[in-house]
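Below is one structure; the comments refer to it alone.
The values are calculated or read from the model by the stated rules, or taken from the named source; none is laboratory data. Since this is a predicted model, take the numbers as computed values, not measurements. Here the Cβ positions follow ideal geometry from the backbone for every residue, glycine too, while neighbour counts run over all protein chains shown.
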Amino acid sequence: MVRMVDTLIVGGGTAGCVLAARLSEDPAHQVRVLEAGPLWTTPGAIPAELLDPTTMPIGPDSPWLWRYDVALSADPPVAARIVRGRVIGGSGSINGGYFVRATAADFAAWARTLGASSAWSFDAVLPMFRRTERDVDFGDQPWHGCSGPIPVRRTTNPAPISAAFAAACLATGFPEIPDLNAPIGADGVGAVPCNLDENGRIGSALGYLLPALARPNLTVGGESYATRIRFDRSRAIGVDCLCGGRIHTEWADRIVLSAGAIESAALLLRSGIGRPDRLRGLGIPIVYAADVGAGFSDHPEIGIDYLLETGDQATVPVESVLELDDVEIRPYTMSFTPGVRRLGVALMRPDSSGVLRLRSTDPTVAPLIEHRYLAAESDRTRLRAGVAIATELLKRMKAHQIVEPIPARSDLAAAWLRGNLATSQHLSGTCRMGREDDEAAVVDESCRVRGVTGLFIVDLSIAPVPLSRGPQATTMMIAERAAGYLGS
């Protein structure tokens, strides 16, 4: 007899850990999680590199990563390599601890894509944000949580580079923002909320999943890579997995993809949900026609390298940021090049959008990812304006030298932008949410994949609009919100 669980979650990353912990609170609900990377079941077994918030274990020798070669821009081509966490806890186990929520304006835009529904308005999602956190600075405020599984704090002893940046922002006339997670967003400089405690980085694996592993109705399989969803007609009934060099099938009454914006989309495509012309070209039988992988969003980032003599201090990669509408300026505390510091200028609501599609039916071949940054003139204009402000801040910080100053001529400035183009690695929206009459929508407002039954997506791939802040806090909120739909 085939053993089936009630809910099979594909991906033990930021969203999957939250969802598994919440659904398994019902002892009658059998939950199983499949994670492509390694699994540790106790905090003491987790490698020190994954706990240390002052380092990001994303180097070429890191064993905990997905790696993808991508095209950031096409004219002229700008290539890059991006990474994602391939480990329990996902990218939340390897990132810099940035825990800033998406803004109320983002959720107003999200709600507009759903028409009359307010299911994903700011008022609807705020209780989920509060549920995730234990904010040690503002937990007594009504828009914060004081008893959630994720500790949130801001530095009280900033590194010299962070202090110099904040002072330059204030001297320029930008206000100080005490709480970047306050419901009313505003321009200004503020300390970054980080998901840390005295033991280090606390993501959804440590905060949510590991404390729940003693439940008999929750099991987790590590080193299990999902290769294809199995369907009975249009109903999802199982997932083929590669584990230990062999393929086996996990069966379930309901399947939830929480593998992230890249891998969830790729799994849908390999399983026959996508654009029919492209799937037929690869010989994949069509299950349902959907615009998977089209129009994704990410945050283009311009890196300004400079020289400044300040003391070093072991701390998180970004302690403070300047928010200017949809531009975020980040003074990195870590050096990407020895002796050189970097100021990042990121565009948080770009008009340009990217495309993800399969290169091959072979699940070990990474998908083709084209960000198509700077395609919109509006994006180039806003980034140039952000760079100009960043340059003025560096003057106030008394930076000795900007390694490669931006040219004044507009034609040369365009080439300079491309030459200094990078990505924040915040890819979202490959399986976007939308109304029933929205041809680009892949899931409905309950995270249910359209055109089939028994299949859901709960991760950043469902975001239908660009989000104005980094993704970790919002991804946890998405999982908390979806748990209400899936647990009912």
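Of all residues in the stretch 368-382, those being more than 18 Å from the chain's Cα centre (by Cα) and under 18 Å from Gly295 (Cα atoms) number 8. Could we say that Glu198 is closer than 25 Å to Pro47 by Cα, without any contact (Cβ under 8 Å) to a residue 40 or more places away in the chain and of a type in the set (Asp, Glu) here? It is true that Glu198 is closer than 25 Å to Pro47 by Cα, without any contact (Cβ under 8 Å) to a residue 40 or more places away in the chain and of a type in the set (Asp, Glu).
Just one of the listed residues (Pro57, Pro53) is touching a Phe, Trp or Tyr at 6+ places or on another chain (Cβ under 8 Å), assigned to a loop (DSSP other than H, G, I, E, B) and over 23 Å from Arg448 (Cα atoms), namely Pro57. Mind telling me which of the residues Asp312, Asp277, Asp305 ends up being more than 28 Å from Arg86 (Cβ to Cβ), part of a helix (DSSP H, G or I) and not basic (Lys, Arg)? Selected residue: Asp277, the only one of Asp312, Asp277, Asp305 that is more than 28 Å from Arg86 (Cβ to Cβ), part of a helix (DSSP H, G or I) and not basic (Lys, Arg).
Matching residues to (1) under 20 Å from Thr132 (Cβ atoms); (2) out of contact with any Lys or Arg (no Cβ under 9 Å at 6 or more places or on another chain); (3) free of Cβ contacts under 8 Å to residues at least 60 places away in the same chain; (4) surrounded by fewer than 22 Cβ atoms within 10 Å (Cβ to Cβ):
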site: Leu8; (1), (2), (3), (4): no, no, no, no
site: Gly13; (1), (2), (3), (4): yes, no, no, no
site: Ala20; (1), (2), (3), (4): yes, no, no, no
site: Pro57; (1), (2), (3), (4): no, yes, yes, yes
site: Leu72; (1), (2), (3), (4): no, no, no, no
site: Pro76; (1), (2), (3), (4): no, no, no, yes
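Taking residues in the stretch 270-285 that are more than 22 Å from Leu455 (Cα to Cα) and touching a residue at least 60 places away in the same chain (Cβ under 8 Å), and partners anywhere that are outside any helix (DSSP H, G or I) and of a type in the set (Val, Ile, Thr), the pairs with Cβ atoms closer than 6 Å and at least 6 places apart or on different chains are Leu282/Thr361.
Among residues of the stretch 331-366 being farther than 15 Å from Ala163 by Cβ and of a type in the set (D, E, K, R), the one that is nearest to the chain's Cα centre (by Cα) is Arg349. Can you name the residue in the stretch 327-346 that is surrounded by 18 or more Cβ atoms within 10 Å (Cβ to Cβ) and either of a type in the set (Val, Ile, Thr) or farther than 27 Å from Pro57 by Cβ (or both) and, of all such residues, is modelled with the lowest pLDDT? Residue satisfying both the conditions and the ranking: Thr333. Residues that are at pLDDT below 95 and assigned to a loop (DSSP other than H, G, I, E, B) are absent from the stretch 205-221.
Only one entry in Arg131, Arg84, Arg101 is modelled with pLDDT of 95 or more and within 30 Å of Ala415 (Cα to Cα), namely Arg84.
Residues in the stretch 81-139 that are closer than 22 Å to Gly260 by Cβ, touching a strand residue (DSSP E or B) at 6+ places or on another chain (Cβ under 9 Å) and part of a helix (DSSP H, G or I): Gly90, Ser91, Gly92, Ser93, Trp110, Thr113, Thr132.
Among the residues in the stretch 372-385, are any crowded, with 16+ Cβ neighbours inside 10 Å, hydrophobic (A, V, I, L, M, F, W, C) and either in contact with a Lys or Arg (Cβ under 8 Å, 6 or more places away or on another chain) or assigned to a loop (DSSP other than H, G, I, E, B) (or both)?
First, pick out the residues of the stretch 372-385 that are crowded, with 16+ Cβ neighbours inside 10 Å: 372-375, 379-380, 382-384.
Within this subset, residues satisfying the condition of being hydrophobic (A, V, I, L, M, F, W, C) are 374-375, 383.
Filter once more, keeping what is either in contact with a Lys or Arg (Cβ under 8 Å, 6 or more places away or on another chain) or assigned to a loop (DSSP other than H, G, I, E, B) (or both): 374-375.
Looking for residues that are crowded, with 16+ Cβ neighbours inside 10 Å, hydrophobic (A, V, I, L, M, F, W, C) and either in contact with a Lys or Arg (Cβ under 8 Å, 6 or more places away or on another chain) or assigned to a loop (DSSP other than H, G, I, E, B) (or both), one finds at least one in the stretch 372-385, hence yes.
If you go through the stretch 329-371 and keep only what is of a type in the set (D, E, K, R) and either in a strand (DSSP E or B) or within 18 Å of Ile82 (Cβ to Cβ) (or both), you end up with Arg330, Arg341, Arg342, Arg357, Arg359, Glu370. Whenever a residue of the stretch 357-378 is on the phi > 0 side of the Ramachandran plot, its partners that are surrounded by 12 or more Cβ atoms within 10 Å (Cβ to Cβ) and assigned to a loop (DSSP other than H, G, I, E, B), lying with C-beta atoms within less than 6 angstrom and at least six residues away or across chains, give the pairs Arg372/Ser352. Within the stretch 339-356, no residue that is free of Cβ contacts under 8 Å to residues at least 12 places away in the same chain and among the β-branched types (Val, Ile, Thr) sits with its Cβ atom under 9 Å from a residue that is surrounded by 23 or more Cβ atoms within 10 Å (Cβ to Cβ) and assigned to a strand (DSSP E or B) at 6+ positions apart or across chains. For the stretch 12-32, state whether one or more residues are among the acidic types (Asp, Glu) and over 21 Å from Ser271 (Cβ atoms). Yes, that holds for at least one residue. Taken together, the criteria exclude Ala111 from residues that are within 19 Å of the chain's Cα centre (by Cα), closer than 25 Å to Ala473 by Cβ, among the small types (Gly, Ala, Ser) and surrounded by 15 or more Cβ atoms within 10 Å (Cβ to Cβ). For the stretch 171-197, filtered to residues that are surrounded by fewer than 19 Cβ atoms within 10 Å (Cβ to Cβ) and small (Gly, Ala, Ser), the residue that is nearest to Pro149 (Cα to Cα) is Ala182.
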